[in-house]
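Report on the structure given below.
The values are calculated or read from the model by the stated rules, or taken from the named source; none is laboratory data. Everything numeric in this text was worked out from a predicted model, so none of it was measured. A quick note on method: Cβ atoms are made from the backbone with ideal geometry, for glycine too, and the neighbour counts reach across all protein chains shown. Surface accessibility is based on the protein's heavy atoms, side chains included, excluding ligands, DNA and RNA. Shrake-Rupley method; radii C 1.70, N 1.55, O 1.52, S 1.80 Å.
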Amino acid sequence: MSTPLVRAADVLREVFHKLGLGHWIKNILRKMGFELRYVGEIVSTPANPSICFSQVWPFATYSPWLTDAAFKRVYDEIKHYTLVDHYLCYDLWQIVMEVTKFSRGDLIEIGSWRGGTGCLIAKRAELSGLKNTVYLCDTFKGVVKAGSLDPFYAGGEHADTTPQIVNGLARRLGLKNVEVLEGVFPDETGTRVADKEFRLCHIDVDVYQSAADVAEWVWPRLISGGGIVYDDYGFKGCEGVTKFVNEQRLMSDRLILHNLNGHAIVIKTD
């Protein structure tokens, strides 16, 4: 049920999102020992009525990121260059370590924004001894291909970035394994890496059609056992991505895991 307090909270959340203040406020509160969560109502949208959202509050307490010194150092460097929280970042950190068990395959991220998660992936790969390239792809003009299945996005959001910002962060981290691809992927830049194969793909593109196009392109280039991580799967506003991943659940050539932190992880089995 909508109340004046709920409506006021919704307005504040929208303002924080548009001004990019959400992650700053959360970081300040965490340093004070508090966690900011928006509980809200159980909701769905007319475009995707079968997809419901409520605040998830797991009761698990194991927190390995608190004692992972390398992660903490890297996260402190990249946290202002990403909208992704430390739980999701640590998930990526561990996934990269797992895919180092394969003997081949580059890594690729589509939707890098200011390079935070991409550089975290690249640093974990470097520390793990991988010599492969980490490709960081972004339009640098914001979200593209938003449609009727994407109620929150109209197109052009998250355009407040440049290739120079991403490359600057990579330099500060001393990374030599990063290559930035500017343009719509795969439409404009896929040909530059069409002959590559990949062990890991991180998709953070916010909307249905963009996620679908990336996945269709990368799947035949993904090695057996490799994975795609969908950053947006578990979040209200990204129902299109949730719907796209759910549509793959009956496919026999993949395993699909929903991590309650919001990731969907799709593992290629053939």
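For the stretch 150-159, the set of residues classified as surrounded by fewer than 20 Cβ atoms within 10 Å (Cβ to Cβ), touching a residue at least 40 places away in the same chain (Cβ under 8 Å) and over 16 Å from the mean Cα position of the chain (by Cα) consists of PRO151, PHE152, listed by residue number. Considering the stretch 80-95, and only residues there that are closer than 17 Å to ALA264 by Cβ and touching a residue at least 60 places away in the same chain (Cβ under 8 Å), the residue that is surrounded by the most Cβ atoms within 10 Å (Cβ to Cβ) turns out to be VAL84. Working only within the stretch 39-79, note down all residues that are open to solvent by less than 80 Å² (accessible area, probe 1.4 Å) and either small (Gly, Ala, Ser) or at pLDDT below 80 (or both). GLY40, GLU41, VAL43, SER44, THR45, ALA47, ASN48, SER54, SER63, ALA69, ALA70 - these are the residues of the stretch 39-79 that are open to solvent by less than 80 Å² (accessible area, probe 1.4 Å) and either small (Gly, Ala, Ser) or at pLDDT below 80 (or both). The number of residues in the stretch 166-209 that are over 18 Å from the mean Cα position of the chain (by Cα), over 21 Å from LEU130 (Cα atoms) and surrounded by 18 or more Cβ atoms within 10 Å (Cβ to Cβ) comes to 2.
Within the stretch 125-147, residues that are hydroxyl-bearing (Ser, Thr, Tyr) reach no partner that is at pLDDT below 95 with beta carbons closer than 9 Å at six or more positions or on different chains.
Residue by residue, here is whether (1) part of a loop (DSSP other than H, G, I, E, B); (2) of a type in the set (A, V, I, L, M) holds:
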site	(1), (2)
LEU175	yes, yes
GLN209	no, no
TRP219	no, no
ILE228	no, yes
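Scanning the stretch 133-149 for residues that are modelled with pLDDT under 95 and buried (at least 16 other Cβ atoms within 10 Å of the Cβ) returns a single hit, LEU149. Count of the stretch 232-268 residues, restricted to those that are touching a strand residue (DSSP E or B) at 6+ places or on another chain (Cβ under 6 Å), open to solvent by 50 Å² or more (accessible area, probe 1.4 Å) and not in a strand (DSSP E or B), is 3.
Filtered by the rule that a residue be assigned to a loop (DSSP other than H, G, I, E, B), of a type in the set (D, E, K, R) and out of contact with any helix residue (DSSP H, G or I) (no Cβ under 9 Å at 6 or more places or on another chain), the stretch 177-194 gives a lone residue, GLU188. Counting only helices (runs of 4 or more DSSP H) that fall entirely inside the stretch 58-133 and contain at least 2 residues that are of a type in the set (Gly, Ala, Ser), the qualifying elements are 69-78, 116-127.
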